[in-house]
Amino acid sequence: MTTTATQARQDTPSETLWIIWAEGFAATGESETAWQLNEVPIRATSLDDAVHQYSTISDSRHLFHRRSDGTWTYWGCRLFDNESDARGAFG
């Protein structure tokens, strides 16, 4: 008796190029409008994945924080996948 194994097909989510934006801030006399974190788009399956990749190679990785609701912050500023939402959140 012979058996044949079939390999399960695993679809991987498609990857997209991501630009990460941080909302602006005003604290202790300093302020900044929304700004773009990465100069080169990051290939990832989600914003979560893109921020994780970027944070692990960043010299400032200790400033990234993933909240319990799944959102990310950098130095306390929320992160977004587009400029419009980042500016709408704070500057």
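Residues in the stretch 31-86 average 64 Å² of solvent-accessible surface per residue, probe 1.4 Å, ligands and nucleic acids excluded. Each Cα pair under 8 Å and six or more residues apart adds its sequence gap; the mean of these over the residue count of the stretch 19-91 is a relative contact order of 44 percent.
Arranged from highest to lowest average of other beta-carbon atoms within 10 Å per residue, in what order do the peptides 46-55, 29-38 appear?
46-55, 29-38
Ordering of 17-27, 67-77 by packing is 17-27, 67-77, highest average first (other Cβ atoms within 10 Å, averaged per residue).
The values are calculated or read from the model by the stated rules, or taken from the named source; none is laboratory data. What you see is a predicted model; the values in this text were computed from it and never measured. Every residue, glycine as well, gets a Cβ built from its backbone with ideal geometry; the counts of neighbours run over all protein chains shown. Please note that ligands, DNA and RNA were not included when accessible areas were found on the heavy atoms of the full protein model with its side chains. Shrake-Rupley method; radii C 1.70, N 1.55, O 1.52, S 1.80 Å.
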